[in-house]
Every structure is written in C-alpha cells, then in structure tokens.
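Undergrad: What follows is a structure written as structure tokens; I'll ask about it next.
The values are calculated or read from the model by the stated rules, or taken from the named source; none is laboratory data. All values derive from a computational prediction rather than experimental measurement. Glycine gets a Cβ as well: all are built from the backbone with ideal geometry, and neighbour counts include every protein chain shown. The area values use the complete protein model at the heavy-atom level, side chains included, leaving out ligands, DNA and RNA. Shrake-Rupley method; radii C 1.70, N 1.55, O 1.52, S 1.80 Å.
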Amino acid sequence: MVTPAFPSARQAATVRASRSRAILPEELRAIPWLGRLDAQERQRVVDDLRVVQVEPGELVCRVGRPVTYWFGVIDGLLKMSNDTALGMPITFTGLPPGGWFGEGTVLKREAYRYNIQALRSSLVTGITGDTFHWLLDRSIGFNRYVMMQLNERLGQFIAAREIDRMTSANARVARSLGSLFHPVLYPGVGGLLRITQQELGYLVGMSRQRVNEALQALQAARLIRIEYGGLRVLDLDGLRRYLDPGPAARAAQARSAPRAASSVASISASPCAAPTKPAS
C-alpha cells in the first residue's frame, strides 16, 4: 500500500485557538519549569495555560504569523521546519514530549521564521507572550530556565549544521536520533523515543526504507535497541559521535548481531504505541 504524502507546510491548516481548553492538573506535571516558580507566579501560569490537540499535518506556528504563545509538547511529536528560496523544505529539529520552543521569537516579539507541524496527533500547551515577559521581569528561576534553553538550543542547531553536511545516511540518522534524546531540552522522552520509521524519515528527509537500513546498522553497532513502537538508546554518546564505519565493518557488525533486522521490522509499519500520560 502506498503511504499518503505528508502535507507540506504551505498546504497545511493551522490549528484554531477556539479548540483549546484549560490545562488539567495531571498535565501540569509534564511542565519542567513550573517548579521554579513561587506560588503567585505558578497561579498566574496555571490560569494562563491553554492546551490543544493538534492532528497530524496541522500547524501550531506558521512562517510570517505574529507570535502569540510560548509552546510546549505534553505528548506527541512535532517538527520545526521552513522552506528554502527554491521551495525545498528544511527540517531544523524534531520536538518530542517535554520540549518547549520559540522562546527567542517570544523574547523579540517578532513573527515566526519557521513552521511547527504535528507529525502525529499531539497535545500542545502554551502561555501567552504577556505572561512569558511577566515571568522574565520577576522570576530568577524562570530566567535561568530560559537562558539554559537558549544555550542548549544553540548547541543543537550547531550540531544540526554538521548533520546537514554529512553524506552518510546512517550517520545522519544516528546524529538526528541523538539530538532527540536530550535530557535538558526534551525531559519527557526518557530512554525510549516513541517514533515510527516514517516519522523519522520526515525528520531526516529520507525514505522509510533507507531509515530502516540505518536503524539496522545502528542496532548492530549496539547504539540503540528497537522496541515495539519506539527506539531505546543504549549509547547516547555513541549516537552523537557516530561516523559510518563503511561497508566492510557494517557487514561484520551484521554477522555479530544476526537478529537486528528482524527486530527492526517491529516498527517498520506498525503504529506508535498509545500516547502515555505524564509520569506522576
């Protein structure tokens, strides 16, 4: 069966604010910076937070639109992208659970320079720009969190430039996976990233079949383990430093791990596992 084409950002619909709702108490546990606030600050944030279910292909942010919210991912998977002058899509990064994004845009109160699109049904929350700036004016803990975000994001984008210049597909998949297993930017991921080969293909710009081959090589190198509906990291530093060893070394690795290919098949066409509730 032919997989339907994922809608381009230009053709995609933007999620409507009218679909949002107030945040639930159990969803607050998925916000990593909330514990840095005092009682008054926390109450303002809780009153301001909105949550919306974003369907696959829908946009949370669109290039050129004025900034409205500072957003975070409670559950699901988003991608940050833009188009080149020739109309070719460029993916900057994926955004898994626990990730907050767009703080630079909110700080400058400028229009979005990127699209944020859902790769699967996702739960997204956010606070208004006014509340974001109110927190900056009074909360030392919040300022430290935002500074940490900006620093880590800079490092991530520097690494992304290196990934873009790699000619090895296996290395690109490895480095891209390494960027998604980020305990500071994406604390909701933990050790298991719930992702399908098709979704990973959208992030790295490869076919599902080529992603399958890369995952086999990475599992044979004992850097990841394929589990139903996701990938478990075994050696995060190894993923981030991975360089393709070449055909001969890959063949030797494959002989030492003969079951890698059959394990990878478990996520080749199967849907992701059901979304999990934030840990208590």
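Undergrad: May I ask you to verify whether Val73 is part of a helix (DSSP H, G or I) and either crowded, with 18+ Cβ neighbours inside 10 Å or charged (D, E, K, R) (or both)? Steps first, answer last, please.
TA: Working: part of a helix (DSSP H, G or I): no; either crowded, with 18+ Cβ neighbours inside 10 Å or charged (D, E, K, R) (or both): yes.
Spelling it out, it is not the case that Val73 is part of a helix (DSSP H, G or I) and either crowded, with 18+ Cβ neighbours inside 10 Å or charged (D, E, K, R) (or both).
Undergrad: Say whether the condition of being of a type in the set (A, V, I, L, M, F, W, C), in a strand (DSSP E or B) and open to solvent by less than 20 Å² (accessible area, probe 1.4 Å) is met by at least one residue in segment 28-41.
TA: We begin by selecting, within segment 28-41, every residue of a type in the set (A, V, I, L, M, F, W, C); these are 28, 30-31, 33-34, 37, 39.
If we keep only those that are in a strand (DSSP E or B) as well, we get none.
Within segment 28-41, none of the residues are of a type in the set (A, V, I, L, M, F, W, C), in a strand (DSSP E or B) and open to solvent by less than 20 Å² (accessible area, probe 1.4 Å).
Undergrad: I'd like to check something: does segment 2-18 contain any residue that is open to solvent by less than 20 Å² (accessible area, probe 1.4 Å), small (Gly, Ala, Ser) and more than 30 Å from Ile140 (Cβ to Cβ)?
TA: Taking segment 2-18 as the starting set, the residues that turn out to be open to solvent by less than 20 Å² (accessible area, probe 1.4 Å) are 9, 12.
Checking which are small (Gly, Ala, Ser) leaves us with 9, 12.
Still in the running and more than 30 Å from Ile140 (Cβ to Cβ): 9, 12.
Checked segment 2-18: at least one residue is open to solvent by less than 20 Å² (accessible area, probe 1.4 Å), small (Gly, Ala, Ser) and more than 30 Å from Ile140 (Cβ to Cβ).
Undergrad: Please determine whether any residue of segment 96-110 is aromatic (Phe, Trp, Tyr) and either open to solvent by 20 Å² or more (accessible area, probe 1.4 Å) or more than 21 Å from Ala159 (Cβ to Cβ) (or both).
TA: Just the residues of segment 96-110 that are aromatic (Phe, Trp, Tyr), to begin with: 100-101.
Those still in the list that are either open to solvent by 20 Å² or more (accessible area, probe 1.4 Å) or more than 21 Å from Ala159 (Cβ to Cβ) (or both) too: none.
No, segment 96-110 has no match at all.
Undergrad: Here is a further query. With the structure loaded, tell me whether Ala174 is open to solvent by less than 30 Å² (accessible area, probe 1.4 Å) and under 27 Å from Ala221 (Cα atoms) or whether it fails that test. Don't jump to the end; show me each part of the working.
TA: Values: open to solvent by less than 30 Å² (accessible area, probe 1.4 Å): yes; under 27 Å from Ala221 (Cα atoms): yes.
For Ala174, the condition - open to solvent by less than 30 Å² (accessible area, probe 1.4 Å) and under 27 Å from Ala221 (Cα atoms) - is met.
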